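Trainee: Quick one: the structure is below, and I'll ask about it shortly.
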Amino acid sequence: MPKAIDELGKTYGRLIVVERVPSAAGRGAVWRARCKCGRERAVLGTLLRAGLVTSCGCALSRGATRRESKEQRDPVLLVMQERDELRRLVESLRDQLKKATT
Ligand SMILES: [Zn+2]
C-alpha cells in the first residue's frame, strides 16, 4: 500500500491541513483543511498540490461578488498581497524566536 504524502501542517493558499481523513482505497489521500476564515473542508491531496483548491470556497465567492465592486481585483495582485502577508508573518515569528533564544 503506497504511503500517502504527508500534508499535515502544510498551507495551500488560505488552507492549513489539519488532519488526514479516511478515504476509500484508490481514491487518494483526503485531508481536512482549515481555511483562514475559520471554516473547514475536506479536500483531495492531489487537488491541494495542483493548486486547484486554495480555500474553503470563500475566495471564490469573493471573486463572484466582483461585479458588485467597481474595483476589479487582479488575482495576481491578490497572490502577491498574500505572499507579503506571509513574509511579514514569518519575519515576526523569526523576531520572536530570536528574542526567545537570546
Ligand atoms: Zn474560507
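Trainee: Pairs only if they're at least six apart or on different chains, beta carbon under 6 angstrom, first in the range 1-25 and modelled with pLDDT under 75, second away from the ligand (no atom under 16 Å from the Cβ); list them, first residue then second.
Mentor: So the pair list comes out as Ala4/Ala29.
Trainee: Follow-up question, since we're still on this one. Please determine whether any residue of the range 44-53 is surrounded by 12 or more Cβ atoms within 10 Å (Cβ to Cβ) and within 14 Å of the ligand (Cβ to nearest atom).
Mentor: yes
Trainee: Name the residues in the range 14-35 that are surrounded by fewer than 17 Cβ atoms within 10 Å (Cβ to Cβ) and in a loop (DSSP other than H, G, I, E, B), would you?
Mentor: Passing the criteria: Pro22, Ser23, Ala24, Ala25, Gly26, Arg27, Gly28.
Trainee: Could you tell me how many of the residues in the range 12-43 are among the β-branched types (Val, Ile, Thr) and either within 13 Å of the ligand (Cβ to nearest atom) or touching an Asp or Glu at 6+ places or on another chain (Cβ under 9 Å) (or both)?
Mentor: Matching residues across the range 12-43 total 4.
Trainee: Before we move on, is Gly38 free of Cβ contacts under 8 Å to residues at least 60 places away in the same chain, closer than 18 Å to Glu85 by Cβ and outside the structural domain of Val79 (by TED's automatic domain parsing)?
Mentor: Details: free of Cβ contacts under 8 Å to residues at least 60 places away in the same chain: yes; closer than 18 Å to Glu85 by Cβ: yes; outside the structural domain of Val79 (by TED's automatic domain parsing): yes.
It is true that Gly38 is free of Cβ contacts under 8 Å to residues at least 60 places away in the same chain, closer than 18 Å to Glu85 by Cβ and outside the structural domain of Val79 (by TED's automatic domain parsing).
The values are calculated or read from the model by the stated rules, or taken from the named source; none is laboratory data. Bear in mind the structure is a predicted one, so any value in this text is a computation, not a measurement. Please note: Cβ atoms are built from the backbone with ideal geometry, for glycine as well, and neighbour counts cover all protein chains shown.
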